[in-house]
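The values are calculated or read from the model by the stated rules, or taken from the named source; none is laboratory data. Model, not experiment: these values are computed from the prediction. Virtual Cβ from ideal backbone geometry, glycine too; neighbours counted across all protein chains shown.
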Amino acid sequence: MKDKVLNALKNSKTEFISGEKLSEELGVSRTTVWKNIKTLREEGYKIESYSKKGYRLKKSADTVSEVEIEPYLKTEFIGRNYIYLEEVDSTNEEVKRVQSEYDEGLVIIAEEQTAGKGRLGRNWESPSKKGIYMSILLKPDIMPQEAYKLTQIAAASVVLAFKALGVESKIKWPNDIVIDGKKVSGILTEMSGELMSLDYIVVGIGINTGFEEEDLVEEIKAKATSISIEKEEELSRKQLVAEVLNQFEYLYSDFIESGNIDSSIEVCKENSAVLGKEIAIVRKNSRKIRKAVDIDEDGALIVEGPDGETERIVTGEVSIRGLDSYI
Ligand code: BT5
């Protein structure tokens, strides 16, 4: 009902709409209308009310609910099932809990995560409304070994979405998006399946939008950033969510139809923060300096050693660092 009241207010644009008219149109009592207006206000919607004229929406809340995303979403199936939560432990975990009830394309998004996850059990800082925390459910007919390609598709989607909204960023292979050498977004791809058969994939995307420096915990201050730290103008979170999903559907569909991720790799190469650079490749017990020279058609990083010998690095097995900074 709340969404219906909101839509009615949105549809009447700058005109006032009376409580009586709202209750007639929606087939509910005026008290119900009023209660829903109250809830919307609590959520941050600025709604004017005058006793003789009724209600008028003055300003939408900064939420990423379905009603707010819808006007910007151009997809056919990604995000057409959309679950919006105020708070969750991790959107990736929530997708795993409900995945059997949904087709691919389900998006779960939360205003806040209480146990946001990075790779390898690391943590992802997810304070309320200061970022985008969302996960996409996919059920492609591919081999489990190919699942990591989805990280490249997602990274390309985030960079293209930023570009469409006037923000330049780069990809620190394989799963970080950086601005001025600092991490603004991270991707966590998880899958469930057996050796020869894939059950489903969850692609989790975290983007720092409204973080200020004081919000960043000490441990990540030196290497993390946000859109509000980097840009003077505010970026609309709702537009960004929709744009990432729009780009994702395009690149993912291209992968499913063509069987390759060439389009995504092209974006990843063009916007790479590591290609052409000397980087440190950190494994459990070793650290090697190599030059990043290419990303191959499967999304693996090709590095070159001092004698010109090349090595192919598959996502997940190593950490990449700049020689004197994060990247
Ligand atoms: C990632 O891991 O970058 C994957 C992040 C994925 C987050 C999304 S949010 C929606 C979905 N639901 C989840 O629970 N997760 C996904 P990794 O490359 O391992 O980087 C993790 C490291 O980045 C941490 O160890 C910190 O050092 C740093 N970090 C943590 N929070 C950060 C933040 N908000 N911004 C930048 N860096 C952060």
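Being among the β-branched types (V, I, T) and away from the ligand (no atom under 14 Å from the Cβ) narrows it down to one of I205, I220, I227, I256, so name that one.
Matching residue, one of I205, I220, I227, I256: I256.
This table checks each residue for (1) under 23 Å from Q239 (Cβ atoms); (2) away from the ligand (no atom under 16 Å from the Cβ).
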{"residue": "P144", "(1), (2)": "no, yes"}
{"residue": "L160", "(1), (2)": "yes, yes"}
{"residue": "E168", "(1), (2)": "yes, yes"}
{"residue": "I171", "(1), (2)": "yes, no"}
{"residue": "I177", "(1), (2)": "yes, no"}
{"residue": "I187", "(1), (2)": "yes, no"}
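Just to be sure I understand, how many residues within region 92-141 are in a helix (DSSP H, G or I), of a type outside the set (D, E, K, R) and more than 8 Å from the ligand (Cβ to nearest atom)?
Qualifying residue count, region 92-141: 5.
Take residues that are in contact with a strand residue (DSSP E or B) (Cβ under 8 Å, 6 or more places away or on another chain), without any contact (Cβ under 8 Å) to a residue 40 or more places away in the chain and surrounded by 16 or more Cβ atoms within 10 Å (Cβ to Cβ) and tell me which of the helices (runs of 4 or more DSSP H) falling wholly in region 1-79 contain 1 or more.
Hits in region 1-79: 2-11, 19-26, 30-42.
Can you pull out every residue in region 272-320 that is more than 22 Å from A154 (Cβ to Cβ), assigned to a strand (DSSP E or B) and in contact (Cβ under 8 Å) with a residue 24 or more places away in the chain?
Those that are more than 22 Å from A154 (Cβ to Cβ), assigned to a strand (DSSP E or B) and in contact (Cβ under 8 Å) with a residue 24 or more places away in the chain: E278, A280, I281, V282, R283, I289, V303.
Does region 239-253 contain at least one residue that is at pLDDT 95 or above, surrounded by fewer than 14 Cβ atoms within 10 Å (Cβ to Cβ) and in a helix (DSSP H, G or I)?
no
K183 versus (1) among the charged types (D, E, K, R); (2) away from the ligand (no atom under 13 Å from the Cβ); (3) modelled with pLDDT of 95 or more: which is the lone unmet condition?
(2)
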